[in-house]
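Scroll down for the structure; my scribbles are underneath it.
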Amino acid sequence: MHRLPLNPCELEIDLFCVGTRVDASCALQSDGRTVSRTRAGLGSGLELVLPGDLKNIWVNVPVEEDFARSSPYLLAKSGDGYRLEDDRSGRRYPVNVPSAPPWYERRTSAGTPMRRIGVLQGTYLGIYISNSCLFWYSEPSMHCRFCTTGANVGVNEVALKELEDVVEVCRAAKEESGVTFFHFNSGYSKRCHEEAMPFVRAVKERVGGLVGLQLMPSRDRSMYDRLIDLGVDHFSFCYEFHNPDYFARYLPGKESTLGQRAFFDALEYTARKLGKGAVSGEIIAGVEPIEDTLRAIDYITSVGAFPTVCIFRPVIGSDMERHPSPRYEDMRMVFEHVYESCRKNRIPIGLAPNLEVSLICQPDDTRYLARSGWATWMYEAWLAAMRRLARPVMRKRMAPRVPARCAGPC
Ligand code: SF4
């Protein structure tokens with residue numbers, strides 16, 4: 001039982017670990033975004049916003065998994081407002097339920113439902129560009145054991161995205177929802193980098209905004225050079241587990257086709273090219289021993305990247321659906337370490353405007369966990385200065401780019 005009220009980041013961590021029940025007083029069909037089961041399945045929860053004085057925190061709260069059904073939290077509505085009630089302490093936390101964007105109900109000019117092209121996860125737009133992940137189609141299947149992509153792409157979202165559909169959806173998301181960041185990801189595909197190029201080019205030149213890519217690592221470094229020339233602002237590399245035994249056991253496809261080292265090499269190369277804080281290493285906390293997760297955070301920040309730490313969610317339909325959800329105390333320790341490692345390595349966090357990711361506890365969220373003292377004060381002052389300096393750069397990146405000359409399949 002938590003003796004003190006939780007701050008917004010602590011509440012976010014607890015919600016990722018235990019989920020919430022939903023009271024009959026809630027009118028989520030009309031007030032909220034529907035639970036959307038896409039890609040690996042991490043976004044399978046309910047989007048909430050936890051208000052706070054440093055920043056508001058967006059969180060995608062598990063509601064459908066078994067552990068959420070016995071959660072101590074209950075989401076309830078009274079009057080116009082929502083709150084989370086914690087049965088253990090009797091505390092009530094006011095929360096906001098973000099509404100679904102109007103464009104979710106529209107179709108592109110080609111007639112494709114816009115919600116089947118991209119999904120808002122927090123304040124960014126996520127688009128799965130490849131025709132599913134080849135790991136699901138090998139015999140025996142080599143898919144990552146926590147993932148449900150094979151069951152979702154082509155069912156809940158369009159398998160093969162048309163360029164014009166994507167441009168229209170990105171434009172609607174930018175103009176109507178204030179989206180600043182477009183994130184394209186792909187499962188395992190031999191040509192995922194070439195496939196991403198036309199999308200990057202079109203969004204940078206015809207929409208404007210920050211573009212991130214989450215693809216398999218490539219040994220061909222020129223792929224990254226070309227993508228950076230086209231305007232990619234961010235790369236993330238999902239290597240999930242730092243402990244090599246866990247990497248091999250839970251990611252059989254990544255182990256047999258790429259190996260963990262390929263992720264490290266790509267992370268280090270792109271972090272050097274794009275500079276501090278532009279690249280992330282994505283890991284899952286709550287499965288491998290905590291010491292390995294802490295080592296991963298130290299490694300990622302030491303190469304100038306920032307850690308994207310997902311709290312393990314035993315998603316319905318995945319092989320790990322019966323694996324226990326992590327403990328709050330362990331996860332709080334992990335995220336306090338995220339802040340400390342970013343501070344020690346001077347990683348600029350929270351510079352991008354209006355970029356809130358609901359699937360993870362962002363490094364920027366962990367500012368609520370900072371220990372008070374001179375070192376934190378210095379880092380926070382430096383972050384505030386970096387945010388000011390970054391403003392004109394970000395403004396420029398929000399505008400459509402002057403077309404680049406094409407030197408490849410773009
Ligand atoms: S690479 Fe792994 S996590 Fe990503 S889509 Fe394929 S099976 Fe799922």
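Out of segment 167-184, which residues are of a type in the set (Ser, Thr, Tyr) and either within 16 Å of the ligand (Cβ to nearest atom) or open to solvent by 20 Å² or more (accessible area, probe 1.4 Å) (or both)?
Across segment 167-184, the qualifying residue is only SER177.
Specify which of the listed residues (GLY187, GLY212) is part of a strand (DSSP E or B) and within 16 Å of the ligand (Cβ to nearest atom).
One residue alone meets the criteria, GLY212.
State whether the residues of segment 70-77 include one that is of a type in the set (D, E, K, R), without any contact (Cβ under 8 Å) to a residue 60 or more places away in the chain and surrounded by fewer than 17 Cβ atoms within 10 Å (Cβ to Cβ). Steps first, please.
Going through segment 70-77, the residues of a type in the set (D, E, K, R) turn out to be 77.
So of that shortlist, the ones also without any contact (Cβ under 8 Å) to a residue 60 or more places away in the chain come out as 77.
The next check asks that each one be surrounded by fewer than 17 Cβ atoms within 10 Å (Cβ to Cβ); those that pass are none.
No: zero hits.
Suppose the filter is at pLDDT 95 or above and of a type outside the set (Lys, Arg); does ILE117 pass it?
Spelling it out, it is not the case that ILE117 is at pLDDT 95 or above and of a type outside the set (Lys, Arg).
Would you check which residues across segment 267-292 are in contact with a Pro (Cβ under 7 Å, 6 or more places away or on another chain) and either without any contact (Cβ under 8 Å) to a residue 12 or more places away in the chain or among the hydrophobic types (A, V, I, L, M, F, W, C) (or both) and list them?
Those that are in contact with a Pro (Cβ under 7 Å, 6 or more places away or on another chain) and either without any contact (Cβ under 8 Å) to a residue 12 or more places away in the chain or among the hydrophobic types (A, V, I, L, M, F, W, C) (or both): ILE283, ALA285.
Could you tell me how many of the residues in segment 98-140 are in a loop (DSSP other than H, G, I, E, B) and more than 16 Å from the ligand (Cβ to nearest atom)?
The qualifying residues number 13.
Given the conditions (1) under 27 Å from PRO98 (Cα atoms); (2) away from the ligand (no atom under 16 Å from the Cβ), and given that CYS147 satisfies all but one, which numbered condition is not satisfied?
(2)
Checking the condition open to solvent by less than 30 Å² (accessible area, probe 1.4 Å), touching a residue at least 40 places away in the same chain (Cβ under 8 Å) and out of contact with any helix residue (DSSP H, G or I) (no Cβ under 6 Å at 6 or more places or on another chain), which residue from ARG327, ARG295, ARG313 passes?
Only one candidate qualifies: ARG313.
Evaluate segment 198-209: report whether one residue or more is in a loop (DSSP other than H, G, I, E, B) and either on the phi < 0 side of the Ramachandran plot or of a type in the set (Lys, Arg) (or both).
Yes: segment 198-209 contains one or more residues that are in a loop (DSSP other than H, G, I, E, B) and either on the phi < 0 side of the Ramachandran plot or of a type in the set (Lys, Arg) (or both).
Tell me, which residue of segment 267-292 that is assigned to a loop (DSSP other than H, G, I, E, B) and open to solvent by 10 Å² or more (accessible area, probe 1.4 Å) is farthest from LYS344 (Cα to Cα)?
Among those residues, the one meeting the criterion is VAL287.
Taking the condition of being crowded, with 19+ Cβ neighbours inside 10 Å and not in a helix (DSSP H, G or I), how many residues in segment 225-241 meet it? Give the derivation first.
Looking only at segment 225-241, we keep the residues that are crowded, with 19+ Cβ neighbours inside 10 Å, and these are 226-227, 230, 232-241.
Remaining after also requiring not in a helix (DSSP H, G or I): 232-241.
The total comes to 10.
For LEU359, are the conditions met, namely being among the aliphatic types (A, V, I, L, M) and in contact (Cβ under 8 Å) with a residue 60 or more places away in the chain?
yes
So is GLU268 more than 16 Å from the ligand (Cβ to nearest atom), at negative phi and over 15 Å from the mean Cα position of the chain (by Cα) or not?
Considered against the rule, which asks whether it is more than 16 Å from the ligand (Cβ to nearest atom), at negative phi and over 15 Å from the mean Cα position of the chain (by Cα), GLU268 comes out as yes.
Could you please tell me which pairs satisfy a Cβ distance under 7 Å, a separation of 6+ or placement on different chains, a first residue in segment 244-266 that is open to solvent by 50 Å² or more (accessible area, probe 1.4 Å), and a second residue that is at pLDDT 95 or above?
Cβ pairs passing all conditions: PRO244/GLN260; GLU255/PHE247; GLU255/ALA248; ASP265/PRO217.
The values are calculated or read from the model by the stated rules, or taken from the named source; none is laboratory data. Small disclaimer: the values here were computed from a predicted structure and weren't measured. All Cβ positions, even for glycine, are placed from backbone atoms using ideal geometry, and neighbour counts span all protein chains on display. We work out accessible area using only protein heavy atoms, side chains counted, and drop any ligands, DNA or RNA first. Shrake-Rupley method; radii C 1.70, N 1.55, O 1.52, S 1.80 Å.
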